[in-house]
Amino acid sequence: MNMEFGTGVRLDKVEWAALPGERWRNAGCNARLGVHGKAVAVSLVRITAGGIQAFGWSVLTHDRAGALLGQPLKAMFTTEGRVRPEYFDLEFPLLDWLGRVNSQPVYRLVAPASFEDTPGPFSVPCYDTSFYFDDLHLNDDKAAVELMQAQAQEGLSRGHRAFKIKVGRGAFYMPLNEGLQRDIAVVNGIRETAGSSATLMIDANNGYNFNLIKDLLLRTRPANIFWLEEPFHEDAVLYKHLKEWLAAEQLGVLLADGEGHPDPDLLIWAEAGLVDIIQYDLRYYGFERWLALGPVLDAAGVRSAPHNYGGLYGNYASAHIAPAIRGFLFVEWDGGFAAGLDDTAYRIKDGRVMVPDRPGFGLELDDKHFSGQVRLAGWSVA
Ligand SMILES: [Mg+2]
């Protein structure tokens, strides 16, 4: 693709605001954190350059924006249209801008030459990540399971076919054994509601230990768990034992890790076969760094599933990286809405997010609303 970089175009304006939004439903505790709640904030930077406005997630500071002002856009990209490392803190707005200038969705800009359009919209598998400990007020496992099954039903009606369930109730919020029983009942109960063709993952947020996770996995065998995320803090010795035990038990559960503050050796362990799926965060690790890492993981036979929770923006942006990573598994979908951020071109259907064939990241900002938020609680440099 011959890309247009806007020769002579400079960064004329940078605006920041966090748009208040809401999840579809309140999100409760996980194994270590308290109630996540309903409110989310979408931290967005809008840039203006060459008369074109573009925007994306960024936590750029006012000072940094001032330093970037007036710089030529062309200097911010490589000749292949990759954002240069010095500008990674502005990567989402820049890629959106590049897409708009070239009338291309970002997924096409970053896809390998072998990328081929298929009939219908470009789509990527996604999973509903909304299954927190929303049942802690209930004493009875049966009522808890019914509550979580109702949530799974809601996910199905929103088009989801893959569901990630938080486990680890016995780590802190419930007595150990009661929590373990509840986790098992919830996982098996959600499988019942989701049906045999759905994909189920579990996420322990490091709230288990080696023996307890074996118990959980044996007793949820009928639920056919696809991946187990963060059973306990990553540890090469214990992960080796766990992989050997899974193989001996003929449990096809994959091991996923890497969100938050991962062990520096995690990639080495993954390449050695101790971890199957890497989950570095899409926004804070970064889109461009994921673009570089994905093919390395592909070569090692390690799968990719970028973490994305809180803030909505990653729901959309994650999908654009998928064509560039052969082993990309799922977009983590933290569903909700934020007034002023128009995501209506995206749809979820049959477990996949349909990505709009629109320039940039395929999202639009309501100018009046965003400008109002910039004035109210944001900043602007021009
Ligand atoms: Mg997680």
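The values are calculated or read from the model by the stated rules, or taken from the named source; none is laboratory data. Values in this document were obtained by computation on a predicted structure and should not be read as measured data. Neighbour counts run over all protein chains shown; Cβ positions are idealised from the backbone, glycine included.
I'm checking my understanding of the structure. Among residues of the range 177-186 that are of a type outside the set (Asp, Glu) and free of Cβ contacts under 8 Å to residues at least 24 places away in the same chain, which one is surrounded by the fewest Cβ atoms within 10 Å (Cβ to Cβ)?
The selected residue is Asn177.
How many residues are touching a helix residue (DSSP H, G or I) at 6+ places or on another chain (Cβ under 8 Å) and within 16 Å of the ligand (Cβ to nearest atom) if we restrict to the range 296-306?
Residues in the range 296-306 being touching a helix residue (DSSP H, G or I) at 6+ places or on another chain (Cβ under 8 Å) and within 16 Å of the ligand (Cβ to nearest atom): 3 in total.
Within the range 281-295, count every residue that is touching a helix residue (DSSP H, G or I) at 6+ places or on another chain (Cβ under 7 Å) and within 14 Å of the ligand (Cβ to nearest atom).
Final tally of qualifying residues: 1.
This table checks each residue for (1) within 16 Å of the ligand (Cβ to nearest atom); (2) of a type outside the set (D, E, K, R); (3) assigned to a helix (DSSP H, G or I); (4) without any contact (Cβ under 8 Å) to a residue 12 or more places away in the chain.
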{"site": "Leu228", "(1), (2), (3), (4)": "yes, yes, no, no"}
{"site": "His241", "(1), (2), (3), (4)": "no, yes, yes, no"}
{"site": "Glu259", "(1), (2), (3), (4)": "yes, no, no, no"}
{"site": "Gly273", "(1), (2), (3), (4)": "no, yes, no, no"}
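Working carefully through the options Gly362, Gly311, Gly340, find the one that is modelled with pLDDT under 95 and either of a type in the set (Ser, Thr, Tyr) or under 22 Å from Leu94 (Cβ atoms) (or both).
None of the other options fit; the residue is Gly311.
Give the number of residues within the range 65-117 that are at pLDDT below 95 and either in the same structural domain as Pro295 (by TED's automatic domain parsing) or touching a Leu at 6+ places or on another chain (Cβ under 8 Å) (or both).
Qualifying residue count, the range 65-117: 1.
Hey, does the range 32-51 have a residue that's more than 30 Å from Tyr132 (Cα to Cα) and free of Cβ contacts under 8 Å to residues at least 24 places away in the same chain?
yes
Please work out if Tyr309 is at negative phi, touching an Asp or Glu at 6+ places or on another chain (Cβ under 6 Å) and within 16 Å of the ligand (Cβ to nearest atom).
Values: at negative phi: yes; touching an Asp or Glu at 6+ places or on another chain (Cβ under 6 Å): yes; within 16 Å of the ligand (Cβ to nearest atom): yes.
So Tyr309 passes the test.
Determine whether Asp276 is in contact with a Leu (Cβ under 6 Å, 6 or more places away or on another chain), among the acidic types (Asp, Glu) and surrounded by fewer than 23 Cβ atoms within 10 Å (Cβ to Cβ).
On the way: in contact with a Leu (Cβ under 6 Å, 6 or more places away or on another chain): yes; among the acidic types (Asp, Glu): yes; surrounded by fewer than 23 Cβ atoms within 10 Å (Cβ to Cβ): yes.
Against the criterion (in contact with a Leu (Cβ under 6 Å, 6 or more places away or on another chain), among the acidic types (Asp, Glu) and surrounded by fewer than 23 Cβ atoms within 10 Å (Cβ to Cβ)), Asp276 qualifies.
Go through the range 124-172 and give me each residue that's more than 16 Å from the ligand (Cβ to nearest atom), under 16 Å from the mean Cα position of the chain (by Cα) and buried (at least 24 other Cβ atoms within 10 Å of the Cβ).
His160
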